[in-house]
Each structure stands twice: as C-alpha cells, then as structure tokens.
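Inspection log for the structure reproduced underneath, given as structure tokens.
The values are calculated or read from the model by the stated rules, or taken from the named source; none is laboratory data. Keep in mind that what you see is a predicted model, and the values were worked out from it rather than measured. Cβ sites come from the backbone with ideal geometry, for glycine too, and all protein chains shown count toward neighbours. Side chains included, ligands, DNA and RNA excluded: accessible areas come from the protein's heavy atoms. Shrake-Rupley method; radii C 1.70, N 1.55, O 1.52, S 1.80 Å.
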Amino acid sequence: MIKKLFLPTSYVDNFTNITPARLNQLGVRAVIIDLDNTLVGYDEMDANEKVIDWFKLMNDNDFKVTIVSNGKKKRVSNFADPHDIDYIFNAQKPLSRNYKKAIRLMGVPKNETIMVGDQLMTDIFGANLIGLKSVLVIPVKSRDGYATLLNRRMEAIIMRYFRKKGLLVKED
C-alpha cells in the first residue's frame, strides 16, 4: 500500500534533470510542477536563470507546463506571470481536484502528463491517487516552512523504507 501511494515514477536531483529527451522516453507532453522547494526555495520570490532556462527549454520543445502550488495567489502569480506560465494556487495537494484541473487546462491526456515535486506527502501522493506519472526531486533548500515539517518527518520514514527495499534509486 505504501508503494502504491508514495512511490514516484522517477527520482532525480533537480528539476533540470527533467529534459525533453527524458519526457519523450516517458511518453509525456505536459508537466505539472510544484513551486516551493521544487523550482526555487520557499523563501525565494523570483525565478532564477535555471528556472527561466528550463521554462524556455520546455516551451521550445512543445511541452506544456503548469505550476500547481499550495501557495497563496500573490506568491504563485508573482512568480509565474512574468514568464507566462500557467498556474493554480491554493491547490490543496494532495487532493486531486487541481491536478485534474491542470490536466484539463493543458489539454493533454492524463497518461501524457507528469507531476514534478519535492514532497512525497503532497506532490507524489496526489499524483499517485489519480494515476499520474511522477518525479520526486531533492528539495532546493534543506529548510522548509513550518507547515511542511511534519510531512518531512513522515516522508523520511517512507524514504528509508523505499531505500531499504531498493525501490527508490536516484537517476542521473
């Protein structure tokens, strides 16, 4: 049961490891991506050069990208709007409603969509609940907001279990 709910499809160091070639291998044309501690630290307000370059790479290769964040509207819109990236704020992940909304907005079938995020308890769990492929990334920062601390403790237990069973192996 733990495997079904929390095991990601892939596990990588950073969102920049998610390339058009890798997405093509997975049969993916659309990416739902978390914001805080996935793209930038939870306390960083603006996209850095790595994020901007990745958005451009996805766009140039005809991949659709939508940010789905539990963050507030001002936080998410101020980050996404300057780069013309679609977004959903106050997403209440892991609830499935806004994953499904993002899929509809991008107009791509669920089986051609992937979720990218740094948390098993929200990003990956939510994706697995509706049958989305998922990529777990190492958090950009080792510190989190207070709301995430309990999730990180539970996540550490699950990650140890996955590693012990050989189920979670980081890709290049």
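Values computed for the structure shown
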quantity	calculated
Solvent-accessible area, 1.4 Å probe, carbon plus sulfur percent, for the chain	52
The range 34-171, relative contact order in percent, only Cα pairs under 8 angstrom and at least six apart counted	23
Cα-based convex hull, the range 74-172, per residue volume (Å³, whole number)	136
Those lysines that a straight Cα-Cα span of less than 20 Å connects to residue 3, excepting residues fewer than 8 apart in one chain	93, 133, 164, 165, 170
Compactness of the chain, expressed as Rg and Dmax over alpha-carbon positions, Å	14.7, 43
Rg/Rh ratio calculated on Cα atoms of the range 38-92 (Kirkwood radius)	0.95
Counting all C-alpha pairs of the range 24-116, share separated by more than 15 Å (%)	57
Probe 1.4 Å, protein heavy atoms only - accessible area per residue of the chain in square angstrom	53
Label point 7 Å beyond Cα of residue 59 along Cβ direction - residues of the range 15-41 with amide nitrogen under 17 Å	20, 30-33
Cα centroid separation - the range 108-137 against the range 1-56, whole Å	10
Farthest toward positive dipole pole in the chain [+1 Lys/Arg, -1 Asp/Glu at C-beta], among 70, 154, 51	154
